[in-house]
Amino acid sequence: MTSLVKVMLTLAIFFASTFVVLKSTGLVTVSKVEAWFEMAKSVDAIYVCVVIVLLLFADLFIAIPTLTVMLLAGFFLGPLVGSISAVIGLILAGGCGYGLSRRYGHFLLNFLVNDQQKRADTVNMFQQHGAVVILLSRATPILPEVSACMAGMTKMPFMKFCILWLVSTVPYAVIACYAGSISSVEDPKPAIFTAIGLTALFWSGWFVFSKVTKAKRQLLT
């Protein structure tokens, strides 16, 4: 378990560092994202779709406020087109993270975990609990990208990853985009309440998972 936490924490620190860099430099901010949407919409709505897809895909490499982007997607494009654009972007990010990590992730794993047995234990541990990690990864920023990379690194079957990623991503994107579509500058409450509700829902899932896992360990001992 310690080795697994070490690898996941290293990935999390990498993704978090990109957020710190962006925040300190001001290259990507919520106000700038909204301005990009406004400019794109003034030309053609299709460009807003492209911006959304690119931003959510870029979240794999630089920390982007994905929930905010999805709320804005719903606001500018409506629930249907906004959801489709958001899901495409998230699928591309997840698939790319999985693919890159499956191909090159062993270099990081070997570097962080020197002992062969511990590496095997790390892989086995994620294979046992990885499905839950992916399903509940939207509880916090950065964790979705980390879970996608861990799935590839530990050679989770691609179809299994795809199903888990879609189950985690599609409802989340649809709810967020719908909330954004019924929100406005004068009445942002649907977006605010949705953001709070989604976070609370996923954290509740983690709480239940931790309790069940703890109970199983006690039964085994």
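The values are calculated or read from the model by the stated rules, or taken from the named source; none is laboratory data. Since the structure is predicted, the reported quantities are computational estimates derived from the model, not experimental observations. Reconstructed Cβ throughout: ideal geometry from the backbone, glycine too, with neighbour counts over all protein chains shown. In case anyone asks, the SASA skips ligands and DNA or RNA and just uses the protein heavy atoms, side chains included. Shrake-Rupley method; radii C 1.70, N 1.55, O 1.52, S 1.80 Å.
Key figures
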| item | result |
| --- | --- |
| Gained length - K211 relative to K155, 0.36 nm times residue gap less alpha-carbon distance | 17.4 nm |
| Per residue convex hull volume, Cα atoms of segment 44-83, in Å³ | 52 Å³ |
| Distance (nanometres) between label positions extended 7 Å along Cα→Cβ at V167 and L54 | 3.5 nm |
| Per residue accessible area in Å² of segment 74-152, where ligands, DNA and RNA are left out and the probe is 1.4 Å | 44 Å² |
